[in-house]
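Q: The structure is given below, and queries will be raised subsequently.
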Amino acid sequence: MIELPVYDKKGKKVDTLAIDESHLGTEVRPALLKQAYVMFHGNRRQGSARTRSRGMVVGSTRKIYRQKGTGNARMGTIRTGLRRGGGVTFAKTRGHEAFRSSMPRKMRRLANRNALLAKLIDNEVKCVDSLDFNGPATKEMAVLLATLGVDRTCLIALESENRDAALSARNIPNISTIRTDQLNVFELLNHRYLVVDKASLQSFIEGLIVDGDDKEAA
């Protein structure tokens, strides 16, 4: 059982949240996390590699000079990859589908849970009793993060209706926000810290437990 401390906005410990490791995969599985991370990263690639082969280059197909008698090496069209302005010998024309991959749904869900477990074990989850603000307040958010000891990249998980907190964090360098129900292995591993309020974290873990029960039944 992991005992996660819960802090208030002044950095004072006010509560403790007990989290069962079995709901998050029991142990950290590096191979699974890497596979899921590579999949998420590949699926986000734009796939805009575009270089022109000799067939795509605009130019005459006329032979530059006669085959023999010039003393030069044999040469055909100016569009060959051997000449300046010609096509690329091995042109890259792959679209985004060339980088796409997939994982079974059970493995993806387990990877998301396991990434959260890794954060908890490394003490990189900062749980706050509340992340409510009276309107956008960047300075207040910056002070809160400094109080929690956030000195590297940080992901703040918020409920969709908590717009004030999202606006308060958007101008702070190295800070990203995400909806709690959209937490995934890619975003968790891309940031050193996770900041989340107690109610949202409990809701997220309860949702994982329900998903796990559904998978067992399936």
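Q: I need every pair where a residue in the stretch 80-103 that is touching a residue at least 60 places away in the same chain (Cβ under 8 Å) has its Cβ under 9 Å from the Cβ of a residue that is surrounded by 14 or more Cβ atoms within 10 Å (Cβ to Cβ) and charged (D, E, K, R), sequence separation at least 6 or different chains.
A: The qualifying pairs are S102/R108.
Q: Select, from R45, R83, the only residue that is in contact with a helix residue (DSSP H, G or I) (Cβ under 8 Å, 6 or more places away or on another chain) and surrounded by 13 or more Cβ atoms within 10 Å (Cβ to Cβ).
A: Criteria check complete, one pass: R45.
Q: Somewhere in the stretch 189-211, is a residue surrounded by 13 or more Cβ atoms within 10 Å (Cβ to Cβ) and assigned to a loop (DSSP other than H, G, I, E, B)?
A: Among the residues of the stretch 189-211, at least one is surrounded by 13 or more Cβ atoms within 10 Å (Cβ to Cβ) and assigned to a loop (DSSP other than H, G, I, E, B), which makes the answer yes.
Q: Tally up the residues in the stretch 123-161 that are within 13 Å of G11 (Cβ to Cβ), assigned to a loop (DSSP other than H, G, I, E, B) and not β-branched (V, I, T), please.
A: Looking only at that region, the number is 3.
Here, each number is a calculation from the coordinates, and none is a lab measurement. Note that the structure is a prediction, hence the values are computed from the model and not measured. FYI the Cβ positions are ideal-geometry reconstructions off the backbone, even for glycines, and counts take in every protein chain you see.
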